[in-house]
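Let me begin by presenting the structure, written as structure tokens, before commenting on it.
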Amino acid sequence: MRIDVLHPSFRTDARGFQYAARPATQPIARVPSALLVVVLIVVAGCSAPAASVVPSADTASTPPTRSTMPQSDFPSTVTDDEGTAVAIERRPERIVSLTPGTTEILFTIGAGDRVVATTDADDYPPEAVPLPDVGSFGSVDIEHIVSLEADLVIAGGNAYTSPDAIGTMRSVGIPVVVVYAPSVAGVLADVELIGQAVGQREEAQQLAAEMRTEIDALTDAVEDLPRPRVFYEVDASAAVFGPADDSFLAEMVRLAGGEPITSGSATSFEIQLEDLIAADPEVIVLGDAAFGVTLEQVAARPAWDVMSAVQRGAVRVADDKVITRPGPRLPQGLRSLILAIHPDARLP
């Protein structure tokens, strides 16, 4: 598996899924050198509107609130997932998306024709693929973003987008909304937040409602099924990585009708092999199957043959990209995960 290392504590795989190898410290930000002078020169000649950014007074204890502006009501202010109030002077016409999930949301709610750039990890929908790449894991080409006259950037939280890059873009007048969904409910809230920020509020609310309805129907369908112990394998090419405690991935396994085997840590996705053996998974889901991992390879690993899942041949494949990407295809990902855990499930 190809791994891009953002920091010794964080790894991001080619799917855009970020996980911690050990408890996280402050990630190292990577911003192009000699950037600020160039950015200021370019901004002076472009039409990007100025934006004010007001940090929340108490983001630790007060949950972020969502703007209730009408779809066409600009100027407006939205509060992002980091608790920052971001002023948007007019309906954004040149949007930069710095996460694949956000790109999918923008296209689904009808704002795709206003997206002018994405990242090198964006592969869906097909219309997004030819757009310029202005970001990769841990780095942002701010000069390019400014040259595109971006009037809104939607960035990824939890250091998916460099905090220094976010600060630089804001300092030169580009509104930046940061989204980070640690839960399924957070994904649905972010759909609505993005819709508000770009002036597609009603479309976003409809999408969130449809996603919620489909997820509820799928979870209802497996409610009375047995709940096997499930290990979702993110990576095992060197160390073994699976869901952290109470993580988004662990929640998805629970919604799919399984009991997730987790790392034993809220911050690290690395699980010790002896702990995994002791947990004895009844089902192993290969999130890394797209990188060539097979049942035969798992069975051939030292000590893995003692696990119930391996002995029973219950090592299965699921569509990891839609399971771990916080976007409109999340119900499709949940369906894939359910069928990996419960192959005979009768789903709506």
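Going by the conditions given, is Ser268 in contact with a Lys or Arg (Cβ under 6 Å, 6 or more places away or on another chain) and of a type in the set (S, T, N, Q)? Criteria met by Ser268.
Number of residues in region 214-258 that are of a type in the set (Asp, Glu) and closer than 21 Å to Ala289 by Cα equals 3. Criterion applied to Leu249, Leu225, Leu188 was being in contact with a helix residue (DSSP H, G or I) (Cβ under 9 Å, 6 or more places away or on another chain) and under 17 Å from Val78 (Cβ atoms), and the one residue passing it is Leu188. Where strands (runs of 3 or more DSSP E) fall wholly inside region 228-339, the ranges with 2 or more residues that are aliphatic (A, V, I, L, M) are 283-286, 315-317. Exactly one residue out of Ala266, Ala289, Ala300, Ala250 is out of contact with any Leu (no Cβ under 7 Å at 6 or more places or on another chain) and without any contact (Cβ under 8 Å) to a residue 12 or more places away in the chain: that is Ala300.
Considering only region 262-277, I want to know if a residue exists there that is under 18 Å from Arg312 (Cα atoms) and charged (D, E, K, R). Among the residues of region 262-277, not one is under 18 Å from Arg312 (Cα atoms) and charged (D, E, K, R), which makes the answer no.
Within region 97-144, being assigned to a helix (DSSP H, G or I), closer than 26 Å to Ala208 by Cα and acidic (Asp, Glu) holds for Glu104, Asp113, Glu127.
Please find, among Ala155, Ala128, the residue that is of a type outside the set (Phe, Trp, Tyr) and buried (at least 24 other Cβ atoms within 10 Å of the Cβ).
Ala155
So in region 253-278, with the set limited to residues that are under 20 Å from Ala238 (Cα atoms) and small (Gly, Ala, Ser), which one is farthest from the chain's Cα centre (by Cα)? The extreme case among them is Ala278.
For region 312-319, indicate whether the set of residues that are in the same structural domain as Thr262 (by TED's automatic domain parsing), surrounded by fewer than 21 Cβ atoms within 10 Å (Cβ to Cβ) and closer than 20 Å to Asp122 by Cα is non-empty. Yes, that holds for at least one residue. Of all residues in region 166-182, those that are in a loop (DSSP other than H, G, I, E, B) and of a type in the set (A, V, I, L, M) total 3. For residues in region 239-259 being of a type in the set (Asp, Glu), at pLDDT 95 or above and over 21 Å from Pro343 (Cβ atoms), which is surrounded by the fewest Cβ atoms within 10 Å (Cβ to Cβ)? Selected residue: Asp245. In the condition set (1) surrounded by 18 or more Cβ atoms within 10 Å (Cβ to Cβ); (2) free of Cβ contacts under 8 Å to residues at least 40 places away in the same chain; (3) not basic (Lys, Arg), Asp120 is compliant with all but (1).
The values are calculated or read from the model by the stated rules, or taken from the named source; none is laboratory data. Just so you know, these numbers come straight off a predicted model, no measurement behind them. Glycine also receives a Cβ, built like all others from the backbone with ideal geometry; neighbour counts cover every protein chain displayed.
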